[in-house]
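**Q** One structure coming up, written as structure tokens, with questions to follow.
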Amino acid sequence: MSDSSVVTVGAGWALVGLVLLGLLVLLAAVVDGLVGARASGASALGGAMRPLDEGARLLRQRRRTTVAADSLLWRLGGGGLLVTAALMIAVVPLGDWTILDLDVGIVWFNAMDVLVWALLWLTGWGANSAHGLIGGYRFLALALGYELPLMFALVAPAIAAESLNVGTVAAAQDGVWFVVWMPIAFVVYLMGVAAFSVWGPFAPALGSDIAGGVAAELSSVDRLVFEGGRYALLAAGAAFAVPMFLGGGSGPLLPGWLWVVVKAATVLLVLVWGRRRLPAARPDVFVEVGWLVLLPAVLVQDLLVAVVAVWGS
Amino acid sequence: MGLTTWITRRAVRSAHVLIVEMPGHWTTRVHVERVVRAWGWHPAVAPADADLLIVCGAPGPQMAPLVERVWGQLPGPRAQATVTAPAEVIPALGRAQAALLDQRGQWEDARDRAIEPDVEHGDTGHGDVDHGEMDHGDMDHGDMDHGDMDHGDMDHGDMDMKPGGIPLAEGSEDRDGLEMDVLHVSLGPLLPHWPAGLVLDCSLQGDVVVAAKAAWILGDVVGAHESDAYRPGTAGAVRLDNVATVLALAGWVAAATSAWRLRDDVLGAQDPHALRPEIERLRRRVARNRLLRWSLRRVRPIDAAELAERTWPRMWEGDVHDRLMSALDRASASLATSERRRGALDGSAGMAGPAVDVTEVLPQVVHGLDVATARLAIASLDLDPLGMTQIQHV
């Protein structure tokens, strides 16, 4: 594989990765419950227990189907989100170890986040519901706005490290973290993570104005898997930010792997905290911003990074 | 305590409640929402997401089959209750909760239900729901019946094919002159964040409304049980509720939640006047948010010429953002004097100017908009659910 500084561990360790991802998802869900309960004036403890209650509720619920549903594609769409998140974290080095040490790890991550386009669309399409279909349209329209800026945001660390290998990118931030001199790329990246997780302002595809949109007809375990998938994508996106922008496992006192977890959890909490605080980015308006503001901004960022990289070498 | 019992108890703790409002039962709906939030439950946005169906106001002969259809879409375990007055809310929700907890009852309910929903509903009491849906000819057996949130009306190919009994969509020229499928989708009458009793039959290309027709479906006896619930501050609370709806549709959950809580405070306050500073604070917060302004600017602008030509009320001038701010101003103004006159409710605070027929206005308002902006535009009109009685009987 590559000559990067990370060690590839056996496939069995993938389980540990999944457990860590699960813990991050749980953390995000608990904090989200707390934040939501606080906003609506309900009890904080009840809010913190919300993931448990929701899980129990959805497991108790009956699975339903709709008339002439495309069940296979519908369920593939929902379940695919969890799989995608798992494949994303496979290339995130946990300190010195990684499950998959690809030369093109960044491209891998990018390919996974593009997969979400298809999965969300299929979930909206499969139920044979007008609202689901409209939700699917909306997601694709939004994706046109966020995907290119996200891609070019991922390019910045790769140029600076002169590698597409995630471990090498993390190691290249020996002196100073990339977030310090690539703030625009970092912010655009976080926006992209929220967008492919259909999160907060980027959730018009699940809007209450179209009865839940893509998720309008989901119930029971189908909804549980779909919601879990969104949280998992958010957590995976937060975890991937660590080697890309936040110096990977570097940090005082604690071991490298723990630093990765701590940093990932911090990024995740910022995303959870921001969920309800902003109005929705309506797709038709957001495309304008994506192309006229974010894309030029992140291209300028890439240019600066490239100049520094050439000048420095 | 067995595992099943434990799961049941935990599950019911965060029940999702689909709240449907019959025309004239605004106060009851608001009370239900308040109790739902206080109990740590959550409002549902679609039947598939709901465990409880709470009907505010007794459904009349037109509404009952629609309610029945929505009820059929709850996945189960499920329970329903009809609440006709604010005082009944807590006992009714308590009974619904007990029904949801009752394992045996839920098993019996589930046993008799088919998993695959029934499409051939043409005769399930729908024939009498005459609100324009029937003029799409043979296209539309599939699309109204779920009332609002339905599945089953889009497909492509040959008109003779009817997968699952649903006729396929037919094409028509879109705005660019290209052929595109047309879907017939009814918005309302049982849709969250939607004027109670309103049905908007839309023809959609993609998600753009190319034609629409509006109608009212009446409930039982409009508002009869509620008249004693009007208090000083109600007009302001209605404005705040409409403001919250716009904010919720704009996706700004935090501000919408604040507006809803403020609405409940105003309704419950001895002296609503004292809450004016709170409304002013909410207004400043909304005004300051650049993202919101940028998102709602230029959405369905109505200029002075259009107002004059169509004799629409002055308060509709501007875009959705202008109308949102003016609704907040009216909320604040209506609390300025502690009004005692019931007449102030529908007059000065609500539909100022000449009475308009909403069923004529809405198709003009939503024409050419996509579903999201159409919803925003309708919500921004700040229609008065309490003054609705006059309009319906026109």
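The values are calculated or read from the model by the stated rules, or taken from the named source; none is laboratory data. The shown structure was predicted, so the numbers you read here are calculated from the model rather than taken from an experiment. Methodologically, a virtual Cβ is constructed for each residue, glycine included, from the backbone with ideal geometry; neighbour enumeration extends over all protein chains shown.
**Q** Among what's in the stretch A:187-245 and is modelled with pLDDT under 90 and of a type in the set (Val, Ile, Thr), pick the residue that is surrounded by the most Cβ atoms within 10 Å (Cβ to Cβ).
**A** In this case the residue turns out to be A:214.
**Q** Tell me which residues, restricted to the stretch A:257-288, are within 16 Å of residue A:89 (Cα to Cα) and in contact (Cβ under 8 Å) with a residue 12 or more places away in the chain.
**A** If the condition is that a residue be within 16 Å of residue A:89 (Cα to Cα) and in contact (Cβ under 8 Å) with a residue 12 or more places away in the chain, then A:257, A:258, A:259, A:260, A:261, A:263, A:264, A:265, A:267, A:268 are the ones that fit.
**Q** In the stretch B:233-335, which helices (runs of 4 or more DSSP H) lie fully inside it and hold 3 or more residues that are closer than 21 Å to residue B:26 by Cα?
**A** B:234-249, B:253-268, B:320-334
**Q** Just to be sure before I move on: is residue B:130 closer than 30 Å to residue B:187 by Cβ, part of a helix (DSSP H, G or I) and either touching a strand residue (DSSP E or B) at 6+ places or on another chain (Cβ under 8 Å) or at pLDDT below 50 (or both) in the structure I sent?
**A** It is false that residue B:130 is closer than 30 Å to residue B:187 by Cβ, part of a helix (DSSP H, G or I) and either touching a strand residue (DSSP E or B) at 6+ places or on another chain (Cβ under 8 Å) or at pLDDT below 50 (or both).
**Q** Tally time: how many residues in the stretch B:265-318 are in contact with a Gly (Cβ under 6 Å, 6 or more places away or on another chain) and at pLDDT 85 or above?
**A** Counting residues in the stretch B:265-318 that are in contact with a Gly (Cβ under 6 Å, 6 or more places away or on another chain) and at pLDDT 85 or above gives 1.
**Q** Restricting to helices (runs of 4 or more DSSP H) lying wholly in the stretch B:1-114: which have 1 or more residues that are among the hydroxyl-bearing types (Ser, Thr, Tyr)?
**A** In the stretch B:1-114, B:3-13, B:26-38 are the helices (runs of 4 or more DSSP H) which contain 1 or more residues that are among the hydroxyl-bearing types (Ser, Thr, Tyr).
**Q** Also, quick follow-up: Restricted to the stretch A:66-85, and to residues that are within 14 Å of chain B (Cβ to nearest Cβ) and among the hydroxyl-bearing types (Ser, Thr, Tyr), which residue is nearest to residue B:49 (Cα to Cα)?
**A** Across the stretch A:66-85, the extreme among qualifying residues is A:66.
**Q** If we keep just the residues of the stretch B:246-274 that are surrounded by fewer than 22 Cβ atoms within 10 Å (Cβ to Cβ) and closer than 11 Å to residue B:236 by Cβ, which is farthest from the other protein chains (Cβ to nearest Cβ)?
**A** Of everything passing the filter in the stretch B:246-274, B:273 is farthest from the other protein chains (Cβ to nearest Cβ).
**Q** Name the residue, out of A:169, A:198, that is within 14 Å of chain B (Cβ to nearest Cβ) and out of contact with any Gly (no Cβ under 7 Å at 6 or more places or on another chain).
**A** Only one candidate qualifies: A:198.
**Q** Inside the stretch A:97-119, can you point out the residues that are surrounded by fewer than 17 Cβ atoms within 10 Å (Cβ to Cβ) and in contact (Cβ under 8 Å) with a residue 60 or more places away in the chain?
**A** A:103, A:104
**Q** If we keep just the residues of the stretch A:223-247 that are aromatic (Phe, Trp, Tyr) and more than 14 Å from chain B (Cβ to nearest Cβ), which is nearest to residue A:80 (Cα to Cα)?
**A** Applying the filter and picking the extreme gives A:231.
**Q** What number goes with the only condition from (1) buried (at least 16 other Cβ atoms within 10 Å of the Cβ); (2) closer than 30 Å to residue B:102 by Cβ; (3) small (Gly, Ala, Ser); (4) within 9 Å of another protein chain (Cβ to nearest Cβ) that residue A:41 does not pass?
**A** Only one criterion is unmet by residue A:41, namely (1).
**Q** Does residue A:63 qualify as being within 14 Å of chain B (Cβ to nearest Cβ), surrounded by fewer than 17 Cβ atoms within 10 Å (Cβ to Cβ) and not in a helix (DSSP H, G or I)?
**A** For residue A:63, the condition - within 14 Å of chain B (Cβ to nearest Cβ), surrounded by fewer than 17 Cβ atoms within 10 Å (Cβ to Cβ) and not in a helix (DSSP H, G or I) - is met.
**Q** Cβ contacts < 9 Å: first residue over 11 Å from residue A:267 (Cβ atoms), restricted to the stretch A:235-251; second residue among the basic types (Lys, Arg), any location; separation 6+ or different chain. Result?
**A** So the pair list comes out as A:247/A:263; A:248/A:263; A:249/A:263; A:251/A:263.
**Q** On to the next question. Out of everything in the stretch A:248-286 that is more than 14 Å from chain B (Cβ to nearest Cβ) and part of a loop (DSSP other than H, G, I, E, B), what residue ends up being surrounded by the most Cβ atoms within 10 Å (Cβ to Cβ)?
**A** Looking at the filtered set, the residue picked out is A:248.
**Q** So, one more: Determine, yes or no, whether residue A:22 is surrounded by fewer than 20 Cβ atoms within 10 Å (Cβ to Cβ) and within 26 Å of the chain's Cα centre (by Cα).
**A** Yes.
**Q** For the stretch A:2-23, indicate whether the set of residues that are within 30 Å of residue B:70 (Cα to Cα), among the aliphatic types (A, V, I, L, M) and either touching a strand residue (DSSP E or B) at 6+ places or on another chain (Cβ under 8 Å) or at the interface with chain B (Cβ under 10 Å from one of its Cβ atoms) (or both) is non-empty.
**A** No, there is no match, as no residue in the stretch A:2-23 is within 30 Å of residue B:70 (Cα to Cα), among the aliphatic types (A, V, I, L, M) and either touching a strand residue (DSSP E or B) at 6+ places or on another chain (Cβ under 8 Å) or at the interface with chain B (Cβ under 10 Å from one of its Cβ atoms) (or both).
**Q** Do we have any residue at all in the stretch A:257-269 that's among the basic types (Lys, Arg) and modelled with pLDDT of 90 or more?
**A** yes
**Q** In this structure, is residue A:77 in contact with a Leu (Cβ under 8 Å, 6 or more places away or on another chain), of a type in the set (Gly, Ala, Ser), modelled with pLDDT under 85 and not in a loop (DSSP other than H, G, I, E, B)?
**A** yes
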